[in-house]
Each structure stands twice: as structure tokens, then as C-alpha cells.
Amino acid sequence: MAKPMRRLGGNWSVSRGGFDKTEHYQTILYEIEMLRFSYGRILRPPDSATYGDVWAYLESFLVHYRNLVHFFSKDNDGDGTDLVIACPTVIWERETGIGDRRPKQEDIEEMRAIGKELWREYEDRKHKNDTISKYLQHCTTYRIAAKEWFPIEMMSKIKELVEKLESSLPAIKWATSEPVDRDHFLGGNSMSTHSGMKGQII
């Protein structure tokens, strides 16, 4: 009888769990929170940060920026799984108890118009070659092209749009409200003591 396979690292895992992200509007709030978090870390990296930290924060910032631009700008032309403000009933569902907070249609259209402007500036491949997606996708020849990002300018362009959306949603924070359980990572019952991971960091 074959010996059963054991997962490398035992049961050690990391996830976004524990934050009860169970409603669609919470997905959007998560994107906003992580955008602000990564933006703050780019502006003021921790004292022990290396360039690797800054690059990781930059990539996180760009991912969440792009996701929000998609949310505000895109039509519901996919398979119905994309969250877009063009389909507000998915976000402001009555069953979640926030249906009465849904913005007026003219406010939604105003947000979409700003979102479309941001899409043209940062993601529209018909008008530019250096989109966010080109620098975040799989390894391609585009990746060696020099590209500078201007996070302060980018945040200034999306700040009011995000705040307008937030005013119609509950005030919830997950990622920045609780300190990390250090014992789960390094120290105490850390991954370095789990079966198959002893002494391994990579």
C-alpha cells in the first residue's frame, strides 16, 4: 500500500480568512482598504524595508487600483461574475440590509464617467501601450520597458470617487484593524517547526 502523501509544511497556511468577506459589497471595501494600505506603505516604508518591500507594495497598489478602475468603468459584458457599479443591485442587495443605501442613478453614472476616464488613462490598450495590466501580467517582453508610476497623482485622481462610493456602504475594515498573530508565522508554533518545513523559509 502506497504511503499517503503529506502536505509540505503540514497544516500551516495563510489566507485572507477571518475577515468575514461574505457579501459582494465587502469585496469592494476590501479593495479600497488594501489600496490605501499599500499606498501608505509606498509613501512611508517600514524602517527595515528593502526595495523588495517597496516593489511588493507597489504591485499591490497597482492591482487594487486596477481592480477599482474596472469596477467603476466596465459594463456588465462578461459572464456575470464581474462586480461592476454598472450593475448596482449586485452590490446593494436588499438581502444584505444595505439596499436603501444604493446611490441615485445619476450619482452612479457620474462615478462611471470618472471611472471610464481612469480606464482610458491607465488600462485602455487601444490608446496606450504602458497599461497597468501589461506590467502586472505574466512574463512578457513588455516587462523590460522602463516605467515610472506616480502613486500620489494616481490616488488624487481616484480619491473622491472612492470616498463617494464609501459613503453608500457600511464602514468596515479588516486588513488594518487587527495586529498579525506572530505565533502563526515565526515564533511559537511557527512554520519552521511544522513537519516538512523545519529550517525552511523558501
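The values are calculated or read from the model by the stated rules, or taken from the named source; none is laboratory data. Fair warning: this is a prediction, and the values are worked out from it, not measured in the lab. Heads up, the Cβs are rebuilt from the backbone with ideal geometry, glycines too, and the neighbour counts pull from every protein chain shown.
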Do you know which residues across the range 145-165 are surrounded by 10 or more Cβ atoms within 10 Å (Cβ to Cβ), of a type outside the set (D, E, K, R) and assigned to a loop (DSSP other than H, G, I, E, B)? ALA145, TRP149
Can you spot a residue in the range 69-76 that is of a type in the set (Gly, Ala, Ser) and buried (at least 18 other Cβ atoms within 10 Å of the Cβ)? yes
Filtered residues of the range 171-181 (kept if within 17 Å of GLU23 (Cα to Cα) and surrounded by 10 or more Cβ atoms within 10 Å (Cβ to Cβ)): ILE172, LYS173, TRP174, ALA175
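Sort through ALA49, ALA56 and tell me the only one that's in a loop (DSSP other than H, G, I, E, B) and either at pLDDT 95 or above or hydrophobic (A, V, I, L, M, F, W, C) (or both).
Details: ALA56 fails: in a loop (DSSP other than H, G, I, E, B).
When all the criteria are applied, what remains is ALA49.
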Among residues belonging to the range 79-113 that are among the acidic types (Asp, Glu) and under 14 Å from TYR25 (Cα atoms), point out the one that is nearest to the chain's Cα centre (by Cα). ASP82
Per the list (1) of a type in the set (Val, Ile, Thr); (2) surrounded by fewer than 11 Cβ atoms within 10 Å (Cβ to Cβ); (3) modelled with pLDDT under 75, residue check on THR193 breaks on (2)
GLU33 passes all but one of the listed conditions (1) acidic (Asp, Glu); (2) over 21 Å from GLU163 (Cα atoms); (3) surrounded by 13 or more Cβ atoms within 10 Å (Cβ to Cβ); the exception is number (2)
Taking only the range 118-157 into account, find how many residues are in contact (Cβ under 8 Å) with a residue 12 or more places away in the chain, farther than 24 Å from GLY40 by Cβ and touching a Ser or Thr at 6+ places or on another chain (Cβ under 8 Å). 1
Of everything in the range 86-107 that's free of Cβ contacts under 8 Å to residues at least 60 places away in the same chain and assigned to a loop (DSSP other than H, G, I, E, B), which residue is surrounded by the fewest Cβ atoms within 10 Å (Cβ to Cβ)? LYS104
Only one of (1) modelled with pLDDT under 95; (2) in a loop (DSSP other than H, G, I, E, B); (3) surrounded by 10 or more Cβ atoms within 10 Å (Cβ to Cβ) fails for SER168. Which number is that? (1)
